[in-house]
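The values are calculated or read from the model by the stated rules, or taken from the named source; none is laboratory data. Bear in mind that the values here come from a model prediction, so they are computed numbers and not experimental data. Neighbour counts are summed over all protein chains in view; Cβ atoms, including those assigned to glycine, are modelled from backbone coordinates with ideal geometry.
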C-alpha cells in the first residue's frame, strides 16, 4: 500500500509539474516579486526531475567485445578482424536506447573491481545513465562477452563469462531506485546468474508488494532454471518479451503461439510480446491479439542489440501512452534502425533514426 501511494504521488506531481512549467512561462510581468519567481524556478527544477519516466534494469551489466569475422570459424585457423568495438552490452544497450528516447535510466547489479568495470561505469555515466546503485565488490570481476559477428551473413556467436564475486544483495541504494521506478526490466541472464540470486529475489519480493510493473526479457538462458523458479518469475511479471525459440523456456517445453496463449490462461494478468525479428512482433494478452508487421531494412549490417533496442522503444511507448499496436510498431522501428548499424551499446539507434523508419514506412506515428 505504501508503494502504491508513493507511485501515485509521483504521478500527481508530474501533472502538477506540467501546469507549473506552463504557469512559469506566462509570468513575465515585472511587478511579480523576485521571491515568487525564485520559488517557481526551484519548484520547476524539482518537478521537472519528477516528470522524467524512469527505467530501472536489474543485472546483465556487461562489457561486449565485438569482432567481425566470417562464420563459422575453424579450428587451428588464424583470422584478422577489420573492426574491434568495446561497448556496454546486455541490459546496458536497453538503457542507452531508452536514454536516446528520453527516459531516465538506472542500472542495478554488479560490475567488477577491475579495469573493465571502471570503463563500463564511465561509459554509462557519460551517457547519462544512473550508476550510483551498482555494487563493486572488492577483488571482483566484470561479466565479459566476446561477440563474433559475420557482416556478410548477419549471424553472430556469443562467448561469455559471468563476473565473479560474493552474492549481490538488494542494497538500500537499489531499493531506493526501485521505489522511484516506472518500469523494472530484467533479462533471463540476470535470473540465471548465481551471484545475483539475492538481488533478483529481493526485486521479485519488492514487485509483489508494489504497483511498479516488471518486464522480463526471457533470453536463451532461462531454460536452465527449474520449472518452479520459472513460474516464480512469471507470477511476478507484468509483461514477458521473448522470441519464438525462447517460448519453450517458459512454456514447459512447448514452442508455439498456442503455448503463449496457454501461458496467459495460467497467468491472466500477463502480457506477452513475441518478437519475430524482421517480421515484427505479436502482442498477446487476455483481451489482446495484435500482429505488428516489421519494417524492411535497407541493408542489414548487424543484428546484435536489435532486441535490446526494441525493448527500450516498446517500454518508452507504453509509458508515453501509445496504443498497444503503436507500441509494437515503435519497437519494430527501433529494431529496424538498429540492424542498419554496427554493434550495440553506444551505437544503439537515436530517436531521429527510429522516427525516420516510421516516416519512410508511412505509419503516421510521431515520437512525441
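For region 265-287, give me each residue that is assigned to a loop (DSSP other than H, G, I, E, B) and closer than 27 Å to residue 337 by Cα.
Scanning region 265-287 gives a single hit, 276.
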ask   = Which residues, taken from region 179-193, are assigned to a strand (DSSP E or B) and crowded, with 23+ Cβ neighbours inside 10 Å?
value = 184, 185, 186, 187
message = So residue 228 ticks every box in (1) within 25 Å of residue 193 (Cα to Cα); (2) assigned to a strand (DSSP E or B) but one. Which box is left unticked?
response = (2)
query = Applying the selection to region 308-341, what residues are more than 16 Å from residue 289 (Cα to Cα), part of a helix (DSSP H, G or I) and over 15 Å from the mean Cα position of the chain (by Cα)?
reply = 333, 336, 337, 339
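In region 153-177, which residue that is part of a helix (DSSP H, G or I) and touching a residue at least 12 places away in the same chain (Cβ under 8 Å) is surrounded by the most Cβ atoms within 10 Å (Cβ to Cβ)? Please lay out each step first, then the result.
Residues of region 153-177 that are part of a helix (DSSP H, G or I), as a first pass: 172-177.
Adding the requirement that they be touching a residue at least 12 places away in the same chain (Cβ under 8 Å) leaves 173-177.
Working: 173: 12, 174: 24, 175: 14, 176: 12, 177: 19.
Across region 153-177, the extreme among qualifying residues is 174.
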key: Residues being surrounded by fewer than 23 Cβ atoms within 10 Å (Cβ to Cβ) and either touching a helix residue (DSSP H, G or I) at 6+ places or on another chain (Cβ under 7 Å) or in contact (Cβ under 8 Å) with a residue 24 or more places away in the chain (or both) - total across region 308-334   = 7
task = Restricting attention to region 82-120, report how many residues are crowded, with 21+ Cβ neighbours inside 10 Å, part of a helix (DSSP H, G or I) and over 16 Å from the mean Cα position of the chain (by Cα).
result = 2
note = The condition of being part of a loop (DSSP other than H, G, I, E, B), exposed (fewer than 11 other Cβ atoms within 10 Å of the Cβ) and at pLDDT 90 or above holds, among 30, 72, only for 72
Unmet criterion (only one of (1) at pLDDT 95 or above; (2) farther than 22 Å from residue 259 by Cα; (3) surrounded by 16 or more Cβ atoms within 10 Å (Cβ to Cβ)) for residue 346 = (1)
ask   = Among 297, 252, 259, which is on the phi > 0 side of the Ramachandran plot, outside any strand (DSSP E or B) and touching a helix residue (DSSP H, G or I) at 6+ places or on another chain (Cβ under 8 Å)?
value = 252
remark   = Given the conditions (1) touching a residue at least 40 places away in the same chain (Cβ under 8 Å); (2) assigned to a helix (DSSP H, G or I); (3) within 14 Å of residue 97 (Cβ to Cβ), every one holds for residue 352 apart from (1)
task = Answer yes or no as to whether residue 148 is in a strand (DSSP E or B), within 17 Å of residue 193 (Cα to Cα) and at pLDDT below 95.
result = no
ask   = Are any residues in region 210-225 in contact with a helix residue (DSSP H, G or I) (Cβ under 6 Å, 6 or more places away or on another chain), farther than 14 Å from residue 183 by Cα and not in a helix (DSSP H, G or I), and if so, which ones?
value = 218, 219, 221
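Here is a yes/no grid of residues against (1) surrounded by fewer than 20 Cβ atoms within 10 Å (Cβ to Cβ); (2) at pLDDT below 95; (3) closer than 26 Å to residue 163 by Cα; (4) assigned by TED's automatic domain parsing to the domain that holds residue 332:
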{"residue": "196", "(1), (2), (3), (4)": "no, no, yes, yes"}
{"residue": "201", "(1), (2), (3), (4)": "yes, no, yes, yes"}
{"residue": "238", "(1), (2), (3), (4)": "yes, no, no, yes"}
{"residue": "262", "(1), (2), (3), (4)": "yes, yes, no, yes"}
task = Among the residues of region 238-277, write down those that are out of contact with any strand residue (DSSP E or B) (no Cβ under 9 Å at 6 or more places or on another chain) and under 22 Å from residue 303 (Cβ atoms).
result = 245, 248, 255
task = Please find, among 130, 153, the residue that is assigned by TED's automatic domain parsing to the domain that holds residue 221, over 13 Å from residue 90 (Cα atoms) and touching a helix residue (DSSP H, G or I) at 6+ places or on another chain (Cβ under 9 Å).
result = 130
